1. Which condition does A:ARG306 not pass, out of (1) among the basic types (Lys, Arg); (2) at pLDDT 95 or above; (3) open to solvent by 60 Å² or more (accessible area, probe 1.4 Å), if it passes all the others?
2. Tally up the residues in the stretch B:55-73 that are within 11 Å of chain A (Cβ to nearest Cβ), closer than 18 Å to B:LEU23 by Cα and buried (at least 17 other Cβ atoms within 10 Å of the Cβ), please.
3. How many residues does the stretch A:250-302 hold that are within 27 Å of A:ARG197 (Cβ to Cβ), surrounded by fewer than 19 Cβ atoms within 10 Å (Cβ to Cβ) and of a type in the set (Gly, Ala, Ser)?
4. It is to be established whether one or more residues within the stretch B:143-155 are within 14 Å of chain A (Cβ to nearest Cβ) and open to solvent by less than 30 Å² (accessible area, probe 1.4 Å).
5. What's the number of the condition A:ARG263 fails, among (1) modelled with pLDDT of 90 or more; (2) at positive phi?
6. B:VAL236 - would you say it is more than 20 Å from the chain's Cα centre (by Cα), assigned to a helix (DSSP H, G or I), crowded, with 22+ Cβ neighbours inside 10 Å and more than 14 Å from every other protein chain (Cβ to nearest Cβ)?
7. So B:ALA218 ticks every box in (1) buried (at least 17 other Cβ atoms within 10 Å of the Cβ); (2) away from every other protein chain (no Cβ under 14 Å) but one. Which box is left unticked?
8. Would you check if B:VAL154 is over 20 Å from B:ARG222 (Cα atoms), touching an Asp or Glu at 6+ places or on another chain (Cβ under 6 Å) and touching a residue at least 24 places away in the same chain (Cβ under 8 Å)?
2 protein chains.
Amino acid sequence: VVVGSGSLALAVRSLVRTHAGRLLVVVSDARVARLYGRRFAESLARGGARSRLLTFPAGERRKTRETKSRLEDRLVREGAGRDTIVVALGGGVTGDLAGFLAATWHRGVPVVQIPTSLLAMVDAALGGKTAVDLPGGKNAVGAFHQPESVWADVRCLRTLPDRDYRAGLAEVVKTAAALDATLFGLLEARAAALRRRDERLLERIVARCLAIKGRVVAADERDSGPRAILNFGHTVAHALEGASGFRLRHGEAVAIGLVLEARVARARGAFPERDLGRLERLLVALGLPTSLPRAIAAGDVVRLARRDKKTRGGVVRYAVPARIGRPRTGPDPTEPLDVERDLAPLLA
Amino acid sequence: VVVGSGSLALAVRSLVRTHAGRLLVVVSDARVARLYGRRFAESLARGGARSRLLTFPAGERRKTRETKSRLEDRLVREGAGRDTIVVALGGGVTGDLAGFLAATWHRGVPVVQIPTSLLAMVDAALGGKTAVDLPGGKNAVGAFHQPESVWADVRCLRTLPDRDYRAGLAEVVKTAAALDATLFGLLEARAAALRRRDERLLERIVARCLAIKGRVVAADERDSGPRAILNFGHTVAHALEGASGFRLRHGEAVAIGLVLEARVARARGAFPERDLGRLERLLVALGLPTSLPRAIAAGDVVRLARRDKKTRGGVVRYAVPARIGRPRTGPDPTEPLDVERDLAPLLA
């Protein structure tokens with residue numbers, strides 16, 4: 001994992017050096033291809049590598065089996081065999097999609113993750129979770145496939161649309177709230193600088209989030225226990241995204257999900273009132289939503305929450321820390337959530 | 001791994017006992033569903049399990065992304081979550097397809113392999129290789145996904161069409177020729193009984209093949225070295241299948257591939273003339289082809305062999321044992337094969 005301003009150029013040098021003779025397939029959406037992808041693939045070729053740029057239309061709705069099939073058809077036409085390396089250059093959608101493409105191409109070829117969005121840098125690129133969405137099943141088809149390396153260049157964040165940048169901050173808040181009280185304090189103290197995309201600050205924060213995530217993932221690669229704390233906010237967020245018809249960004253849904261799940265926990269005496277206040281204030285300071293937007297029907301959220309894929313034997317589970325920066329102790333950080341009784345009243 | 005007459009009934013009991021409360025999804029093609037699938041799913045239900053039978057049209061050409069997508073859409077409609085167990089009940093196509101379905105459903109749920117064809121029993125069901133075919137890329141998309149258990153009931157072989165039964169014998173011959181001289185001797189001595197589908201003999205042979213394969217796979221789960229010996233005959237076989245427009249059965253192509261690859265090795269002094277003769281005679285005794293059928297153009301085979309997915313840096317590799325039952329020593333049992341120089345003359 002390399003974090004820094006200018007690490008994109010370092011990635012090119014490293015790929016050229018370590019994968020001479022192999023086919024490097026760079027996957028980007030059309031927007032990122034225009035901003036970085038073409039230049040990146042050209043740099044690889046100038047360095048002497050065999051490289052191809054494969055693009056797909058931008059948008060969360062393109063994280064589908066159909067997009068993956070089209071990329072696979074391209075790989076066949078390019079004669080890509082087992083010696084292919086996939087380079088995922090882009091945001092969370094690209095990382096999930098290209099990661100899954102690599103996971104199943106000839107039963108698994110390496111993937112290099114080069115996240116260009118804040119969300120992908122702090123959360124999606126590391127951890128090996130890859131997937132596509134199905135109608136009625138977010139991330140329903142996918143694989144665990146750890147990246148060979150991750151390169152996070154905070155300079156890429158300059159071109160990120162404001163709404164996407166803020167959405168990425170929600171995952172930063174989640175990581176801090178779940179696992180790192182010091183980081184949470186830093187975010188509170190430097191909220192304004194963070195909104196301005198201060199690059200020195202971003203380097204520090206991205207590196208910290210990746211270090212935390214790396215530690216949690218290493219302890220639980222298949223997401224069978226302790227790693228679930230990283231799902232703080234996500235049980236409700238997935239339902240919110242679905243209920244919004246994916247008009248809410250993932251990060252926006254996570255921001256609201258953090259608050260709602262913390263409220264459920266507080267109502268049970270399992271999360272401090274004071275920490276709930278801090279959480280809400282920080283999200284507001286970072287320009288993030290903290291309650292259900294008017295356009296989303298509470299009934300849809302409830303219905304979708306009950307269909308969550310983390311259902312085991314019909315019971316939805318959610319993961320809230322004991323307090324800011326301190327996960328619950330024990331092997332399983334999750335708790336059962338009764339959607340009708342616990343969540344529905346908070347949405348009314 | 002359980003082998004025996006009547007192990008289908010044992011599988012039902014075991015599944016009901018160990019997976020109470022979880023959704024058991026039985027996947028079969030239409031033919032096997034009619035013969036065994038419906039009864040099997042009903043037995044599960046009678047035992048108190050939640051079970052569903054998912055079917056797809058029979059045929060090698062159905063091992064596609066499209067078939068997998070249709071099965072996934074069914075899983076969504078059935079509300080299948082992470083607690084799903086996939087049961088692959090059928091031949092090699094079903095094992096590959098349902099195994100891959102399980103490998104990627106919610107990033108991996110368990111699969112139970114219940115092979116009903118000889119090929120699936122002795123080769124496909126164990127080893128964790130799962131895949132679908134692409135136009136121009138056999139097994140191009142797939143995953144390694146080890147089965148939770150394998151149940152081989154040789155009684156199911158009674159209903160297997162003769163051509164499929166013989167095709168399965170080719171993988172038995174491959175396993176013996178590559179790794180077990182004693183088994184090879186048994187096949188030679190009991191060829192006639194084997195053609196008659198003697199069940200006691202079949203139990204013994206299937207159990208032996210599964211034991212050998214289990215040992216090889218355990219030593220090399222990801223197929224990165226020693227396991228390649230199980231590809232004996234397959235480099236050429238894949239090209240033959242493609243060149244025949246998949247009119248050749250996989251096993252028929254393997255039979256021809258065994259002979260052609262052994263001939264290439266013999267021409268290099270790397271396989272004994274006497275063993276080549278034994279190999280050819282055994283295949284003939286078992287009703288299997290040993291040379292290129294007239295309907296297949298040699299040029300197509302050569303062209304497809306050069307595009308083999310086991311290409312590394314453009315060189316095709318093949319794996320022939322040093323002699324019957326004795327793999328080559330060293331970490332890599334494969335050798336480079338120059339398609340134009342080594343293979344093309346043998347096809348003329």
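The values are calculated or read from the model by the stated rules, or taken from the named source; none is laboratory data. Remember, it's a predicted structure, so these values are computed and weren't measured experimentally. Glycine gets a Cβ as well: all are built from the backbone with ideal geometry, and neighbour counts include every protein chain shown. All accessible areas refer to the heavy atoms of the entire protein, side chains included, with ligands and DNA or RNA removed. Shrake-Rupley method; radii C 1.70, N 1.55, O 1.52, S 1.80 Å.
1. It is condition (2) that A:ARG306 fails.
2. So the count comes out to 2.
3. Adding up the residues that qualify gives 4.
4. Here is the first cut: in the stretch B:143-155, the ones within 14 Å of chain A (Cβ to nearest Cβ) are B:143-146.
From the residues that got through so far, the ones that are open to solvent by less than 30 Å² (accessible area, probe 1.4 Å) too are B:143.
Yes; the residues of the stretch B:143-155 include at least one that is within 14 Å of chain A (Cβ to nearest Cβ) and open to solvent by less than 30 Å² (accessible area, probe 1.4 Å).
5. Failed condition: (2).
6. Working: more than 20 Å from the chain's Cα centre (by Cα): no; assigned to a helix (DSSP H, G or I): yes; crowded, with 22+ Cβ neighbours inside 10 Å: yes; more than 14 Å from every other protein chain (Cβ to nearest Cβ): yes.
Criteria not met by B:VAL236.
7. It fails just one condition, (1).
8. So B:VAL154 passes the test.
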